[in-house]
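Since the structure comes first, as C-alpha cells, the remarks are kept for the end.
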Amino acid sequence: MADTVRAMTCAVICCAALHTLAAAAVPTIPKPVIPPGYQPQHERDERGLWLELDEYEKAVIASPLRIREAALDDYIKNLVCRIGKDYCGDFRVYVMRNPYFNASMAANGMMLVWTGALTRVGSEDELATVIGHEIAHYEMAHTLAQFRNIKKGMAIGSIFDIGLAVIGVPIPVGQMTAVLNVLAFSREEEEQADLLGAQLMLDAGFDPHATYRIWRDLIQEDQRAETKREEPGLFTKTHPDSAARAQVLEAWAHSISRPAAAEPADHETFRALIAANYSWLMEDQIKTARYGRTEYLLEQQAQFGMPEGFVHFYRAQMLMQRAEAGDAQAARAEYALATNAAAPPEAFRNYGYLLLKDNDPAAARVQFQRYLTAKPDATDRAMVEFYISEVP
C-alpha cells in the first residue's frame, strides 16, 4: 500500500513538474524598440551610417539582379506592409535574383528578399514568417546595432563589401568570412526576432504553425545536400540552428491554442504567382549544381501544388545536368511524364532528342512536332525541322 501511495505521489509531483516546465518553456514576445516613422538621431555615427546605406541602396536599385517583374514585386511589398502595418512607410523592399535562401533588413529600412526564398516557402504563411523575422530585427533595433558594430570592427569601404554579399554578388573568400562574422546576430537577438516576427505575422492573420514548419523544411534540405559544395548559404551561416528555432517557435505556436490551418487562407494567389515565375526560378536553382537540395525542393514543390508537368520537366533537366550513371534513363522517364501534362514546350524537344539517342525516331518525330506546335516562334525551329526531315 505504501508503495502504491508513493508511486501515486511521485506521479502527481512529476506531472506537476512537467506542467510547470511546459509553462516555463512558453516564450515571451519582446516589444519593439524603434517606433514607426523612426529617423536617425543626431549622433554623427548614426546619421553617417544612414548616408552610407542610402548610397548603397542606390546601387541596389540599379542592380541587374533586382527583379523588376511588377506582379511579383508588388506582391512582396504588399505582404511587407500587411505584416509591418504602421511601419509600412519606413520600408523599401527589393526582390533580388539569387537562388539561395536569404532575406535581410538594413538599419535604414531597406529590405532585400532573395528569390531562393520563394522556391523554398510552401505558402504565403511561410513567406510571412521570413518577412516578419526581418521586420522584427528592424523594430528591435538589431540592424542599427549590427551596422554600428560593422563600422567599429571593419575597414573603410566594408559597407560596400557587405552590400555586395547581401545582394548576392560573389566576393573574395577572406572578405566573405569577415562579412559573415559581422552579419551574424546573437542567438538572443535571433530568438527575439523569431518571436516578435511570429507575433507580427499572427496579428496579420497568418497561420502561427508556419513559423516552425519552414525551419524544419530547411533542416531536411540540409540533410539532402550531396557534397560540400552544397553547404548552407549566407542565411544559414549567419543564423542559429534551425532545429533550435523550430522548437522555440513550436512551443509558442502551441501556447496560443490555435490549431494549424489545413490550407492557408490565400494559398491560391501565392501559388499562382510562384507558378507564373516558376521556370526562371528553377532554372536559377539548377544552375547552382546543388543536386541533392534541388531534388528535395522539387519534391516539396510537387506537394505545394506547383504544376505537375513543370516539376517533372525540371527534375529531368536536373538529371541531365548531373549526368551520373542512370540519370539519362531517369530523365527520359521524367520528360515522358512532363509531356503528358502541361509543361514547357522544351519538354517535347528535349524528350525528342533522348528518343533519337535511344533509336526511336518515329516517337522522336512526334515530340519534335509537338514542340514546334507549342512554340511556333522557336529560335531553333530550323534545327528541329532538320531533325524531323532526317527521321525515316
Next item on the list: Kindly provide the set of residues from segment 331-361 that are farther than 19 Å from Glu385 by Cβ, surrounded by 17 or more Cβ atoms within 10 Å (Cβ to Cβ) and among the small types (Gly, Ala, Ser), ordered by number.
Entry: Ala331, Ala336, Ala338, Ala343
Margin query: Restricting to segment 123-140, give me the number of residues that are among the charged types (D, E, K, R) and either closer than 20 Å to Glu268 by Cβ or touching an Asp or Glu at 6+ places or on another chain (Cβ under 6 Å) (or both).
Written below: 3
Note to self: Could you check segment 362-386 and list, in sequence order, the residues that are surrounded by 17 or more Cβ atoms within 10 Å (Cβ to Cβ) and touching a residue at least 24 places away in the same chain (Cβ under 8 Å)?
What the structure shows: Ala364, Arg365, Gln367, Arg370, Tyr371, Lys375, Val384
Next item on the list: Take segment 379-392 and flag every residue that is assigned to a loop (DSSP other than H, G, I, E, B) and over 23 Å from Leu319 (Cβ atoms).
Entry: Thr379, Val391, Pro392
Check: Do we find a residue being surrounded by fewer than 17 Cβ atoms within 10 Å (Cβ to Cβ), farther than 23 Å from Thr294 by Cβ and modelled with pLDDT of 85 or more anywhere in segment 215-229?
Finding: no
Next item on the list: Among the candidates Asp125, Asp54, single out the residue that is surrounded by fewer than 19 Cβ atoms within 10 Å (Cβ to Cβ) and outside any loop (DSSP other than H, G, I, E, B).
Entry: Asp54
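Matching residues to (1) assigned to a loop (DSSP other than H, G, I, E, B); (2) farther than 17 Å from Ala302 by Cβ; (3) over 31 Å from the mean Cα position of the chain (by Cα); (4) in the same structural domain as Tyr291 (by TED's automatic domain parsing):
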{"position": "Glu324", "(1), (2), (3), (4)": "yes, yes, no, yes"}
{"position": "Ala331", "(1), (2), (3), (4)": "no, no, no, yes"}
{"position": "Glu334", "(1), (2), (3), (4)": "no, no, no, yes"}
{"position": "Asn350", "(1), (2), (3), (4)": "no, yes, no, yes"}
{"position": "Leu356", "(1), (2), (3), (4)": "no, yes, yes, yes"}
{"position": "Asn359", "(1), (2), (3), (4)": "yes, yes, yes, yes"}
{"position": "Ala364", "(1), (2), (3), (4)": "no, yes, yes, yes"}
{"position": "Gln367", "(1), (2), (3), (4)": "no, yes, yes, yes"}
Margin query: Please pick out the residue among Phe147, Phe185, Phe160 that is outside any helix (DSSP H, G or I) and either at pLDDT below 90 or surrounded by 19 or more Cβ atoms within 10 Å (Cβ to Cβ) (or both).
Written below: Phe185
Item checked: Index of the failed condition, Leu298 passing every other in (1) part of a loop (DSSP other than H, G, I, E, B); (2) surrounded by 18 or more Cβ atoms within 10 Å (Cβ to Cβ) -> (1)
Next item on the list: Being closer than 16 Å to Leu72 by Cβ and at pLDDT 95 or above is the filter here, so list the residues in segment 286-325 that pass it.
Entry: none
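The values are calculated or read from the model by the stated rules, or taken from the named source; none is laboratory data. Note that the structure is a prediction, hence the values are computed from the model and not measured. Virtual Cβ from ideal backbone geometry, glycine too; neighbours counted across all protein chains shown.
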